[in-house]
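First the structure, in the form of structure tokens, and then the observations on it.
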Amino acid sequence: MFTGIIQAVGSLRAIERRGASAWLSVACPFAKLELGESVAVDGVCLTVVRVVDGGFTADASAETLARTTLGERSVGHRVNLERALALGDRMGGHIVAGHVDGVGELLRRERVESAERVVFRAPREVLRYIAEKGSVAIDGVSLTVNAVAGETFEVMLVPFTQGATTLPDRRAGDRVNLEADVIARYVARALVWEREAPDSGAAGAEKDARWRALLDGFGKGQ
């Protein structure tokens, strides 16, 4: 588990394709990495399989490459890095699993004094979990959602985030990893399960209408 508070910026220094999967070598400044520990790379939870001088190597499955941006990246690409949360650590951001829900697209960015307003397009299956003033992880960075409109949402990048992450590298048209708040996913699943629970008669019809209204509103970020 992670928090979305980026601890370092590293880079991909080698990528070796192995059929539909890949082997990655990541340059990072972390000291005393251990075999088997988890590191979030641009929001993707990867397992350290080898510790090397100045970094580590990890395997990326076909599923990981297909559902995230890692399959599109090349050697030299800068990545956000975060080690897994340890018991007793501060929860500075929000609960991030490192399981990317989908890939979004940066649409535009606008300077607002020292901050930047950035607008992203998200797939519908991810957007239904994104709510105004809720949390979202973008390339592993925990951010607060300022607004949701149609198929888009916006966030603000404060100066610290601009200096401590790779998000300032992203331009209009770039694709990013998105992970919705895990709590929102569980709430949505509970609503779906309750709605699908068998019932009959007028009570069943009333319950069905009630849950449909709730799910429709939830899908619109309300």
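Nothing in this text is a laboratory measurement; each read-out follows from the coordinates by a stated rule. Remember, predicted model here, so these are calculated numbers, not experimental data. Note that each Cβ is placed from the backbone with ideal geometry, even for glycine, and that neighbours are counted across all protein chains shown.
Structural remarks
- Computed on the chain, with alpha-carbon pairs under 8 angstrom and 6+ residues apart, the relative contact order is 22 percent.
- Counting Lys and Arg as +1 and Asp and Glu as -1 over every other residue whose Cβ lies under 15 Å from the Cβ of Asn80, the net charge comes to -1.
- Potential extension, Val75-Arg50 segment - 0.36 nm per residue separation minus Cα distance: 7.2 nm
- For q = 0.12, 0.16 Å⁻¹, Debye-computed log10 I/I(0) when each Cα of the chain counts as one equal scatterer: -0.68, -1.08
- For Met91 and Arg121, the difference between the fully extended length at 0.36 nm per residue and the C-alpha to C-alpha distance is 8.1 nm.
- Hydrodynamic analysis of the stretch 111-159 uses the Kirkwood radius over alpha carbon pairs. Inserted into Stokes-Einstein at 25 °C and 0.890 mPa s, it gives a translational diffusion coefficient of 223 µm²/s.
- A cut-off under 10 angstrom between Cβ atoms defines the neighbours of Val136, and their net charge, with Lys, Arg +1 and Asp, Glu -1, is -3.
- Student exercise, the chain dipole from Lys, Arg, Asp, Glu Cβ charges, in Debye to nearest 20: 300
- Contour minus Cα-Cα distance for Glu16 and Glu63 (0.36 nm per residue): 15.3 nm
- Simple spin-label estimate for Asp169 and Leu107 in nanometres, 7 Å along Cα-Cβ: 2.5
- Charging the Cβ of each Asp and Glu at -1 and of each Lys and Arg at +1, and nothing else, the dipole of the stretch 8-83 about its Cα centre rounds to 140 debye.
- Helix 201-219 and the longest principal axis of the C-alpha atoms of the chain enclose an angle of approximately 40°.
- Mean projected area of the Cα convex hull of the stretch 8-83, taken over all directions, amounts to 4.2 nm².
- Loop-located trypsin sites (Lys or Arg not before Pro) in the stretch 1-38, at most 10 other Cβ atoms within 10 Å (DSSP): Lys32
- Ranked by how many other Cβ atoms sit within 10 Å of their own Cβ, fewest first, the residues Thr47, Thr165 fall in the order Thr47, Thr165.
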